[in-house]
Every structure is written in structure tokens, then in C-alpha cells.
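Trainee: Supplied in C-alpha cells, the structure appears directly below.
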Amino acid sequence: MRRPERGEVWVADLGFAAKVRPALVLSVQYGDNDRALVSLVPHTTSVRGTQFEVPILARFLKPGAFDAQGLVTVPPPRLLQRLGALGASELQQVEVAVARWLGIG
């Protein structure tokens with residue numbers, strides 16, 4: 001399996017409660033000496049309209065939003081299928097929401 005890249009959207013197994021769902025790769029690629037982990041922002045179709053949700057229209061996603069409050073880090077085998085990639089401006093919108101959620105921006 002190739003290493004996922006920042007900005008890509010994958011179908012990911014996020015565990016029992018979070019289910020299998022699309023998720024945005026937010027982390028940078030890990031090196032050979034790093035832990036093989038990928039940080040993701042999950043996509044939800046159960047939108048609540050919070051300040052931490054970022055609605056993105058993409059042909060490979062159902063209507064919904066990326067939820068900055070749902071950050072998760074998983075090993076690469078949990079990434080099941082690449083769906084596509086967000087553009088730079090879309091990725092930036094998610095980054096802003098994540099920074100807001102973490103209080104770092």
C-alpha cells in the first residue's frame with residue numbers, strides 16, 4: 001500500500017463507534033524511522049451546523065461536512081480505499097477549523 005498524502009480523502013475504518021467512513025488525511029507523510037500513523041478528519045453526513053464542521057462539495061463524497069472535533073490517528077492499514085483529494089483552498093478551510101478546535105490559530 002502506498003503512503004497516504006495530506007489532502008487525500010480515504011474510506012477509513014475509524015473503529016466501532018466511528019464506523020467506516022470517508023476521512024481527510026491531515027498529517028504529513030511519515031518517514032522510515034517514524035511511527036506509521038495517519039491523522040484524519042472524519043467526514044459526516046449528520047451535520048449539526050457547528051463552527052467545527054466544514055461542508056465541502058466533492059463528486060466523491062455524499063453531502064456532509066468534515067468534523068474537526070472528530071480528529072483521529074490510525075495505522076495505515078485502516079485506510080481502505082482512496083476516494084480523491086481536496087484542492088488547496090478546501091484543505092485550508094479544514095485546517096482553519098482544526099486550528100480553531102485545538103486553539104492554535
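Trainee: From the list ARG48, ARG82, which residue is of a type in the set (D, E, K, R), surrounded by fewer than 19 Cβ atoms within 10 Å (Cβ to Cβ), closer than 17 Å to MET1 by Cβ and at pLDDT 95 or above?
Mentor: ARG82
Trainee: Also: Can we say PRO63 is within 28 Å of GLY105 (Cα to Cα), touching a Pro at 6+ places or on another chain (Cβ under 9 Å), modelled with pLDDT of 95 or more and surrounded by fewer than 12 Cβ atoms within 10 Å (Cβ to Cβ)?
Mentor: yes
Trainee: A further question follows. Could you count how many residues in region 1-40 are surrounded by 15 or more Cβ atoms within 10 Å (Cβ to Cβ) and among the aliphatic types (A, V, I, L, M)?
Mentor: 11
Trainee: Right, something else. So which residues in region 6-32 are polar (S, T, N, Q) and at pLDDT below 95, if there are any at all?
Mentor: Result: GLN29, single match.
Trainee: Among the strands (runs of 3 or more DSSP E) confined wholly to region 1-103, which include 1 or more residues that are touching an Asp or Glu at 6+ places or on another chain (Cβ under 9 Å)?
Mentor: In region 1-103, 20-25, 38-44, 53-55, 65-67, 72-74, 79-85 are the strands (runs of 3 or more DSSP E) which contain 1 or more residues that are touching an Asp or Glu at 6+ places or on another chain (Cβ under 9 Å).
Trainee: Taking region 29-53 only, how many residues are out of contact with any Leu (no Cβ under 8 Å at 6 or more places or on another chain) and under 13 Å from VAL9 (Cα atoms)?
Mentor: 1
The values are calculated or read from the model by the stated rules, or taken from the named source; none is laboratory data. What you are looking at is a predicted structure, and each value in this text was computed from that prediction instead of being measured. Backbone-built Cβ (ideal geometry, glycine too); neighbour counts: all protein chains shown.
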